[in-house]
Every structure is written in C-alpha cells, then in structure tokens.
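A.B. asks: I'd like to ask some things about the structure below.
The values are calculated or read from the model by the stated rules, or taken from the named source; none is laboratory data. Here the structure is a predicted model, which is why all the values come from computation and not from measurement. Neighbour counts run over all protein chains shown; Cβ positions are idealised from the backbone, glycine included. Remember, those area values only see protein heavy atoms, side chains included, never the ligands or the DNA or RNA. Shrake-Rupley method; radii C 1.70, N 1.55, O 1.52, S 1.80 Å.
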Amino acid sequence: MVDAVLLLVIVVAVIVALFLFFYFIPVGLWISALAARVRIGIGELVGMRLRRVPPRIILGSQISATKAGLAIPTSFLEAHYLAGGHVENVVTALIAADKAGINLTTERAAAIDLAGRNVLEAVQVSVNPKVISTPMVTAVAKDGIQVKATSRVTVRANIDRLVGGAGEETIVARVGEGIVTTIGSSETHKAVLENPDLISKTVLGKGLDSGTAYEILSIDIADVDVGDNIGAKLQTDQAEADLKIARAKAEERRAMAVAHEQEMSARVVEMRARVVEAEAEVPRAMAEAFRSGNLGVMDYYRMQNIQADTSMREGIAETEDSPEEDTDRGDA
C-alpha cells in the first residue's frame, strides 16, 4: 500500500516537472530558433517567462529579422515589449525599410512606435505615396463670385519627422487655407476657372509640409465649380439695411412731428381756456364796478355803442372784401 502511494506521488511529481519544463522552455520554438541560426540559451527563455514576456513573439520576430538579414538583439525586443510597443510591427517595418533602401534604425523605429504612430504604415506610405482627398473648399474671388474647389494631395511619409510631426488633418487644413488664399486674391473667378493649376502652384510654393510628418509631392485640383454671387447678395443686404435705417429715421421724425403738433394743440386749448376764463370774469368785474360806483349806466351804454359800432365796421369790411375774393377765384 505504501509503495503504491509512493509511486503515485512520483508520477505526479514527474508530470508537474514536465509541465513546468515545457512551460518555461518552449522546446519546439527553441529548436526553430536554432534552425534559423538564432542563438538563444535556455536560461534566456526561462528569464522571458519570469519577466512575463511571451517567447513566441520575441523569437518569432527575431527569426523573421535574421532571415531578412537584420541583426536585432533579443534584449532590445524584450525592452520594447515591456515598454508597451508592438514588437512584430516594428520588426516588419525594419525589414520593409531595409528592402526599400530607407535608412531606418531600430531605435527610431521603436521611438515612432512608442509615440503612437504606425511605423509599418509609415514605411509603406514612404515607399508607396498616399493620396489624401480634401473636402470641398469655398472661397470668394475679388469680383464677388463664389468658387468651390476640391483637391487631391499626394504625400509621402517623412521618417525623420514622424516623431513630433503633424498629421493628415494639418495637411488638409493648410491646403484648404492655401486654396482660399489663392481664390480670394484672384481678380475674377474666371481666372481661377481658366487656370486651376494656379492654385496648385501657389499652394505648393507656400511649403505647407513644414513641421508635418509628410512630404507633399503634388497637389491636384480635382474639381472647380462656380457658386453664388456673394457680392450681389452683400450689396442687396446692405441696401435693405440702409432702407430699414431710413424708414426708422423717417418714423422717428414723423413721431416727433406728431408729438410737436399735439403739444401745440394742447397749448392752443389751454390758451382758449384761459380766454374763456378771462371773458367769464368780465361780467363779474362790471358788476363789481357798478356796486362800487366806478362804472355808471351811461358809461355802460357808451361801451355797448362802441362795441356795436366796431362790429358794424367789421361786418362792412368783410362785405367789401368778399367780391374781390370771388373775382380772384373766377379768374383762377
């Protein structure tokens, strides 16, 4: 019974030992590395496992690099993996750059990858230029006619400026700014329609790729179209605004005239009221004069005769003036 338990323990220990051995030492991968002339010791494989670095990624990348004729140290690949980089992407980019004759060192490739850029795509764009289509850009020429233009920008990645260089958005924005400047400085929209290559030459001459991760090879105007007459619209809007201002000022003057007229009417009414009030005081004053003896009966009748004589004279004067007025009206 004791021998059976001991035998079972030995078997379990052997199985655990074999599992640990094959876990820390991937024999198949180690043999593949030796076949590819990649010198790596078993201790290094164990160290990778202890550092939580997958040997398959490191050895696979190193085998590919060795087959392509590149000597990349295992320690460099491990360090790049631990830094959060994409080891396989970097090795593939180094192989592609070497075959294309592009001067790309392992340190620069690792820096580009750690900066968040796709180093493999950068090498591919450097070998095979990329075409960027810009959105439609609208600008107004000096004659007030709107011109719409779209362009295609052919760029090539600049490996030396990938770290810290601006991306595609900056290229598109600068090209759009150049198109707006060129159209806006044209005397007429016809000049832009007749010579669309003028936009390309002007934009290329500004050095828009400075400070970016790309090198502009060419700018081709894909489409040019005529838009609205912005100048006429602005003049129409200005005329409408001036008309509204003139109407507002006229309404202000009319309101002031109405207010002045109402003020004058109020003053006339006030004066009439004072006259009526004063006329109402005349009988009282005469009665007071009679009571105080300052006015006699004969004086009163004399005053009445004077008033009657004055009224008669005014009536005669009006009678004499009326035929002349009628004659003037007839002549007219």
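A.B. asks: Show which aspartates and glutamates lie in cross-link reach of Lys142 when reach means a straight Cα distance below 14 angstrom and same-chain residues fewer than eight apart are skipped.
C.D. replies: Of all the aspartates and glutamates, those that pass the test against Lys142 - Cα under 14 Å, at least 8 places apart if same chain - are Glu187, Asp228.
A.B. asks: Going by Cα centres, segment 228-273 and segment 104-167 are how many Å apart?
C.D. replies: 59
A.B. asks: Kindly report the accessible area of segment 79-143 per residue (heavy atoms of protein chains, probe 1.4 Å, no ligands, DNA or RNA), in Å².
C.D. replies: Result: 52 Å² of accessible area for each residue.
A.B. asks: Using a 1.4 Å probe and counting only protein heavy atoms, arrange Phe76, Phe290 so the residue with the most accessible area comes first.
C.D. replies: In descending accessible area the options line up as Phe290, Phe76.
A.B. asks: Could you tell me what fraction of 2.2 N^0.38 Å the Cα radius of gyration of segment 145-233 comes to, as a two-decimal ratio?
C.D. replies: Taking N as the residue count of segment 145-233, the ratio is 1.20.
A.B. asks: Sequence neighbours fewer than 8 away in the same chain don't count; with that in mind, list the lysines whose C-alpha is under 16 Å from Lys148.
C.D. replies: Lys190
A.B. asks: After finding the eigenvalues of the alpha carbon gyration tensor for segment 31-160, what semi-axes result from the square roots of 5 times each, listed largest first in whole Å?
C.D. replies: Rounded to whole Å, the semi-axes are 44, 15, 10.
A.B. asks: Related question: Could you order peptides 128-134, 139-145, 90-96 by the average number of other Cβ atoms within 10 Å of their residues, highest first?
C.D. replies: 90-96, 139-145, 128-134
A.B. asks: Rg and Dmax of segment 38-93 over Cα atoms: what are they, in angstrom?
C.D. replies: Both quantities, over Cα of segment 38-93: 10.5, 29 Å.
A.B. asks: GluC sites (Glu not before Pro) within segment 141-188: which are DSSP loop residues with at most 15 other Cβ atoms inside 10 Å?
C.D. replies: On the way: sites: Glu168, Glu169, Glu177, Glu187; in loops: Glu187.
Answer by residue number: Glu187.
A.B. asks: Same structure, new question: Could you run the Karplus curve 6.51 cos²θ - 1.76 cosθ + 1.60 with θ = phi - 60° over segment 88-97 and give me ³J(HN,Hα) per residue in whole Hz, x for Gly and Pro?
C.D. replies: Working through the residues one at a time gives 4, 5, 5, 5, 5, 5, 5, 5, 5, 5 Hz.
A.B. asks: Quick one: accessible area per residue over segment 213-273, 1.4 Å probe, rounded to a whole number of Å²?
C.D. replies: 78
A.B. asks: Which value does Rg/Rh take for segment 221-314 over its C-alpha atoms, Rh per Kirkwood?
C.D. replies: With Rh from the inverse mean 1/r over Cα pairs, Rg/Rh is 1.68.
A.B. asks: Around Arg174, under 12 Å between beta carbons, what's the net of Lys plus Arg minus Asp minus Glu among the other residues?
C.D. replies: -3
A.B. asks: List the residues whose amide H sits under 5 Å from the amide H of Ala166, counting only those 5 or more places along or on another chain, with H placed 1.01 Å from N in the peptide plane.
C.D. replies: Thr212, Ala213
A.B. asks: Sticking with this structure for a sec: Spelling out what I want: for every residue of segment 251-261, take phi, set θ = phi - 60°, compute 6.51 cos²θ - 1.76 cosθ + 1.60 (Karplus), and round to whole Hz; glycine and proline get x.
C.D. replies: Karplus-based 3J(HN,Hα) across segment 251-261 equals 5, 5, 5, 5, 5, 5, 5, 4, 5, 5, 5 Hz.
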